[in-house]
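S.K.: Supplied in structure tokens, the structure appears directly below.
The values are calculated or read from the model by the stated rules, or taken from the named source; none is laboratory data. None of these values were measured; they are calculated from a predicted model. Here the Cβ positions follow ideal geometry from the backbone for every residue, glycine too, while neighbour counts run over all protein chains shown.
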Amino acid sequence: MNSTTNTRFTRFLTLGLTVVLGLAAGYLAAGPDSGDARADAQRFMRYYEEIVLTAEQEAIKREALEALPAACCSDNTAYTCCCPCNLSRTVWGLSHYLIAEQGADAETVRTEVESWYAKVNPDGFPGNSCYTGMCGKPFAAGGCGGMNPARLTWGE
């Protein structure tokens, strides 16, 4: 590789890295509410997979979510749910984002999760969706939005 090619290659890599870092920053800077609940749900599920909490941050998540019943199976807490359904993944991902990226405390996380529940189902969740065949139903119908994050069930 001659020096001109090497310089061009270095500039190309620098530009590529700048674009990737800029996209990543924008991805996290989107915040908890973009105004598009479906897009938020998909993003929160990605946050759950991508944002790893420290032990201290996990303790905040636990404190916040153990105080809330899981919306789809109220005999469990929002921290555990009975399974990793898409609704729970959104709650866990929102929590990860708020704690790791915003420095939120347990009370803030709890309040935001309650707001999320109300946003995706203003009529409220029945608390027994997991036991009545509602796992594949949309959030707005009291369901879990499915079990596969790649196949979020949305709509009426």
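S.K.: Looking only at the stretch 82-106, which residues are without any contact (Cβ under 8 Å) to a residue 12 or more places away in the chain and crowded, with 22+ Cβ neighbours inside 10 Å?
M.R.: Listed by number, the list is empty, since nothing qualifies.
S.K.: Scan the stretch 74-92 and give yes if some residue there is of a type in the set (Val, Ile, Thr), more than 25 Å from TRP154 (Cα to Cα) and under 15 Å from the mean Cα position of the chain (by Cα), otherwise no. Spell out how you get there, then give the answer.
M.R.: Taking the stretch 74-92 and keeping what is of a type in the set (Val, Ile, Thr), we get 77, 80, 90-91.
Keeping just the survivors that are more than 25 Å from TRP154 (Cα to Cα) gives none.
No, every residue in the stretch 74-92 fails to be of a type in the set (Val, Ile, Thr), more than 25 Å from TRP154 (Cα to Cα) and under 15 Å from the mean Cα position of the chain (by Cα).
S.K.: Go through (1) more than 20 Å from ASN76 (Cα to Cα); (2) part of a helix (DSSP H, G or I); (3) over 14 Å from the mean Cα position of the chain (by Cα) for ALA118 and report which single condition fails.
M.R.: Failing condition for ALA118: (1).
S.K.: For the stretch 140-156, state whether one or more residues are at pLDDT 95 or above, among the acidic types (Asp, Glu), surrounded by fewer than 22 Cβ atoms within 10 Å (Cβ to Cβ) and part of a loop (DSSP other than H, G, I, E, B).
M.R.: The answer is no, given that none of the residues of the stretch 140-156 is at pLDDT 95 or above, among the acidic types (Asp, Glu), surrounded by fewer than 22 Cβ atoms within 10 Å (Cβ to Cβ) and part of a loop (DSSP other than H, G, I, E, B).
S.K.: Quickly run through the stretch 121-139 and pick out the residues that are under 19 Å from LEU94 (Cα atoms) and either assigned to a loop (DSSP other than H, G, I, E, B) or β-branched (Val, Ile, Thr) (or both).
M.R.: Once the filter is applied, which keeps residues that are under 19 Å from LEU94 (Cα atoms) and either assigned to a loop (DSSP other than H, G, I, E, B) or β-branched (Val, Ile, Thr) (or both), the stretch 121-139 yields ASN121, PRO122, GLY124, PHE125, PRO138.
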